[in-house]
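Here is the structure we will look at.
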Amino acid sequence: MINIGLLGLGTVGSGVVEILESRKEKISSLIGEEINIKKILVKNVNKKRDIHLNKDIIISNFEEILNDHTISLVVEVTSDIEQSYEYVKLALNNGKSVVTANKALVSKYFEELSALAEEKNVSFLYEASVGGGIPIIKPLKEELILNSVDKVQGILNGTCNYILTRMFNEGLDYDEVLKKAQELGYAEMDPAADVEGPDTLRKLRILGSLALQGKVGEEDIILEGIEKITSFDVRQIKLMKSTVKLIGEVKEYEDGYSALVMPTIVKDGSYFASVNMAFNSVTFEGDNIGELKFYGSGAGKFPTGDAVLRDILDIALDFDRKQNPLGHRILKNNNSEIKDKYYLRISESKENILKSVEDISEKILSTKDNIAILTNEVEIKEIMDIISSLDIEKDEYFIARILD
Ligand SMILES: NC(=O)c1ccc[n+]([C@@H]2O[C@H](COP(=O)([O-])OP(=O)(O)OC[C@H]3O[C@@H](n4cnc5c(N)ncnc54)[C@H](OP(=O)(O)O)[C@@H]3O)[C@@H](O)[C@H]2O)c1
């Protein structure tokens with residue numbers, strides 16, 4: 001019997017428990033023994049839970065998992081970063097393998113935890129941390145043995161994609177769709193981590209570091225969220241027969257790499273334009289394999305629980321090589337030198353603003369109420385310098401990169 005210590009019994013944790021229960025026989029016949037959740041650590045043991053379980057296994061003291069020598073695998077699906085970091089480190093140090101869905105934890109401590117797992121000859125797997133139910137981490141790691149991967153792109157946040165899809169397809173206002181997303185449970189009451197982009201940034205940091213085989217840190221990624229998009233922008237961009245997606249991209253060039261998370265204008269009919277509502281997609285390019293596209297549910301109890309269980313099965317079947325998948329390349333960040341075309345809207349129409357953006361304008365779309373332009377190919381730094389030189393608030397502009 002393989003005993004698991006589960007940390008967290010929220011959306012993902014209960015998905016793991018329920019899938020494991022419903023597929024018990026299939027799993028046992030595949031691996032030749034039973035997978036058993038022996039203890040479940042939660043924050044509040046007295047919370048009423050809508051799940052059929054022996055209450056005695058729900059605990060609040062991690063030591064009961066750590067010191068149980070029959071538990072060889074810790075599955076971390078809490079929403080906590082620092083406390084979980086301590087638990088995961090202790091588990092790895094004690095020779096227990098770890099599976100996690102916690103992208104904030106993986107992103108913050110990626111190098112350290114990956115190295116520790118290798119040192120202790122145990123597994124550290126995190127398939128569910130990027131793209132929810134989409135198998136992406138494992139295929140990427142496998143292709144990295146045969147390929148150099150120099151580009152990863154993705155729509156990595158379902159909340160943002162849901163908001164943008166409904167704004168473009170139904171003409172709804174940002175606030176209206178955000179409220180609907182919150183009512184449906186797609187968005188948190190505090191939506192900042194989704195709409196301002198940190199959630200996408202963390203997933204890109206994980207994918208980018210694996211792909212480029214060197215550290216792409218959170219601080220190395222340019223970040224713009226979708227929270228400032230207005231119906232005015234939607235109308236302008238629809239006239240371009242295009243739509244907007246929040247896309248994370250890491251790309252390697254001969255002399256460095258760029259990494260950014262930005263609202264991105266994609267042509268109607270293009271691949272990314274077809275990824276709608278709460279779906280996610282990741283694409284990567286390898287020198288042998290060419291471009292691969294992955295599409296599916298980026299979140300949710302069962303898709304995410306399924307991804308966690310795939311990692312558990314890989315460990316149970318001893319499929320994981322237990323080798324640190326991160327490389328040691330020293331990467332040169334080239335963000336400031338990357339040139340693209342952009343859509344820029346400033347919600348004020350003043351003579352001095354128009355003058356300041358004139359030099360970078362390829363086309364002026366509007367000067368009434370809002371100034372909206374399409375830029376020629378410029379460095380993002382140049383636009384950001386112009387924006388900071390204007391006397392405007394952070395929420396008074398919206399910028400989107402134009403993808404060919
Ligand atoms: N939800 C998704 O679709 C999804 C998708 C991909 C990745 N993830 C990631 O998966 C993780 C879990 O997400 P979730 O949606 O399941 O979260 P959730 O519903 O908020 O559940 C979190 C669980 O963790 C427990 N917990 C929180 N802090 C703890 C601590 N310090 N010690 C012990 N237990 C603690 C909570 O205990 P109580 O029950 O007592 O409050 C709860 O059971 C997160 O890191 C999230 O980013 C989620």
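Restricting to the range 46-95, count the residues that are among the β-branched types (Val, Ile, Thr) and touching an Asp or Glu at 6+ places or on another chain (Cβ under 8 Å).
2
Which ones in the range 53-83 are more than 9 Å from the ligand (Cβ to nearest atom) and without any contact (Cβ under 8 Å) to a residue 12 or more places away in the chain?
Once the filter is applied, which keeps residues that are more than 9 Å from the ligand (Cβ to nearest atom) and without any contact (Cβ under 8 Å) to a residue 12 or more places away in the chain, the range 53-83 yields 54, 55, 56, 63, 67, 69.
What is the number of the single condition among (1) within 16 Å of the ligand (Cβ to nearest atom); (2) under 19 Å from residue 309 (Cβ atoms) that residue 97 does not meet?
Result: residue 97 fails condition (1) only.
For the range 198-231, name all the residues that are among the charged types (D, E, K, R) and farther than 15 Å from residue 332 by Cβ.
Answer for the range 198-231, where residues must be among the charged types (D, E, K, R) and farther than 15 Å from residue 332 by Cβ: 199, 202, 203, 205, 218, 224, 227, 228.
Among the residues of the range 217-237, write down those that are of a type in the set (Lys, Arg) and touching a Phe, Trp or Tyr at 6+ places or on another chain (Cβ under 7 Å).
228
Which count do you get for residues in the range 93-126 that are polar (S, T, N, Q) and closer than 12 Å to residue 315 by Cβ?
Initially, the range 93-126 is screened for residues polar (S, T, N, Q), giving 93-94, 97, 100, 102, 107, 114, 121, 123.
Adding the requirement that they be closer than 12 Å to residue 315 by Cβ leaves 97, 123.
Residues flagged as polar (S, T, N, Q) and closer than 12 Å to residue 315 by Cβ within the range 93-126 amount to 2.
What number of residues within the range 1-56 satisfy the criterion of being in a strand (DSSP E or B), among the aliphatic types (A, V, I, L, M) and within 29 Å of the chain's Cα centre (by Cα)?
7
Can you spot a residue in the range 134-147 that is among the polar types (S, T, N, Q) and within 16 Å of the ligand (Cβ to nearest atom)?
no
Keeping to the range 360-384, report how many residues are assigned to a strand (DSSP E or B) and either on the phi > 0 side of the Ramachandran plot or of a type in the set (S, T, N, Q) (or both).
3
We did not get these values from a lab; they are worked out from the coordinates using the rules stated. Bear in mind the structure is a predicted one, so any value in this text is a computation, not a measurement. Backbone-built Cβ (ideal geometry, glycine too); neighbour counts: all protein chains shown.
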